[in-house]
1. Working out 0.36 nm times the residue gap between residue 320 and residue 200, then minus their Cα-Cα distance, what length gain in nm do you get to one decimal?
2. Of 213, 198, 244, which is farthest on the positive side of the dipole of the range 198-253, counting Cα position, with +1 on Lys and Arg Cβ, -1 on Asp and Glu Cβ, and the Cα centre as origin?
3. Only counting other Cβ atoms within 10 Å, I'd like 60, 201, 323 sorted with the fewest neighbours first.
4. Within the range 262-276, which residues have the backbone N less than 19 Å from the label spot 7 Å out from residue 146 along Cα→beta-carbon, could you tell me?
5. What are the residues whose amide H is under 5 Å from the amide H of residue 5, where those residues sit 5 or more places off or on another chain and H is modelled from the backbone?
6. Placing unit charges on C-beta atoms (Lys and Arg positive, Asp and Glu negative, everything else neutral), compute the dipole magnitude of the chain about its Cα centre in debye, rounded to 20.
7. Nearest 10 degrees is fine. How inclined is helix 79-88 to the longest principal axis of the chain, computing both from alpha carbons?
8. Ordered by residue, what ³J(HN,Hα) values in Hz, to whole numbers, does the range 215-225 give under the Karplus form 6.51 cos²θ - 1.76 cosθ + 1.60, where θ = phi - 60° and Gly and Pro are x?
Amino acid sequence: MKMPLRLAILGCGAITRGEHVPAVSDHPDVQLIALVDSDLSRAQSLIDRRGLSCQAVADYRELLGRVDAVINALPNHLHDAVNRDSLLAGVHVLCEKPLAISAAEARACTELAAQRKLILAVGMNRRFFESRSLLALAMREGLLGTVREYDFQYGGAFDWRSASGFYFDRAKAGGGALVDFGVHMIDSVIDWFGPITAFDYQDDDWGSGIEANAILDVRHEGQLGEIKGRLRISRTFALKNRLLVHGTQADAEVAVHNPDVVVLHRTVGGKPLSETLRHENAESGSSYRRQLDNFIHSIVNGTNPEVDGWQAVRVMELIENCYAHKRRIPEPWAENAVERCEARV
């Protein structure tokens, strides 16, 4: 592989504008060849605003013989076809989460990458926060004692400035809050606590749209033993926005807004104390820059990326099982209203 790596970014929505372009534009090992968007003016506007020296292209297929790799940041329902087209053309792929909107499509992409001996990385940028290794180290070294359970909450009023609005279309997004941010949460807890062996899932989709709120109770069985957890996601109101892990000797907290540290809470001499864990020599750059570094390293050295297709497959399999066996979150205020309407009819 000749360097710098020739790369194109597919899709010029919010995640590309805010994260991928800044990570790529000044990377010494990357030559940005093009920004791709079906709205050519959107791609050109981004190029002009950032002062980039690349092309604006409407159809990614024009580039498949001219680039070594792509970042696929297109709407979810386009991931599968574009990933496979790219891989068939011998192009390495870093695909934004989710890898595809079904487990079957995710598996097909992953198998194709293996057959073609190409790198297929999945954009789970939360794996590149410092808290990922800090929490793993704290648990492995026994700082929490025996880990019993955890509570993971992420929620707030939806304010993502989506260029396409595909998030609100189940056919294009693949689901609601569980697919949008839940993939990050599920991927992270499997990484920390081991495989999920049992689950109970509830959401507020009444069958005509996408869920805005979801509650997932799980049981892990891995190297740390049996651990129970609850994941709660909301796109309508604020939650505690943190992971809290309960151990027999201490609790560990990771705040969503400060994900590069872990705070330990314990009682010493009858008094509650807190201490903050951080790496003295933390990696520089954003999580998206670290993710890009890992992608490039995998291509150059022929090694597995931090998050590969198979890990994405297991997450999508769980999400599909959740949707297939969901219960509705109790909403007595809404149910009473429905009963009153039915009574009048």
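1. Full-extension gain reported as 41.9 nm.
2. So the residue furthest toward the plus end is 244.
3. 323, 201, 60
4. Counting backbone N atoms under 19 Å from the label point, the list is 267.
5. Amide H neighbours of residue 5: 30, 31.
6. 260 debye
7. The helix 79-88 is inclined about 40 degrees to the chain.
8. Values per residue, Gly and Pro as x: 10, 10, 9, 9, 10, 9, 9, x, 5, 8, x Hz.
All of the numbers you see were taken from the coordinates with simple rules; none came from a lab. Bear in mind that the values here come from a model prediction, so they are computed numbers and not experimental data. Methodologically, a virtual Cβ is constructed for each residue, glycine included, from the backbone with ideal geometry; neighbour enumeration extends over all protein chains shown.
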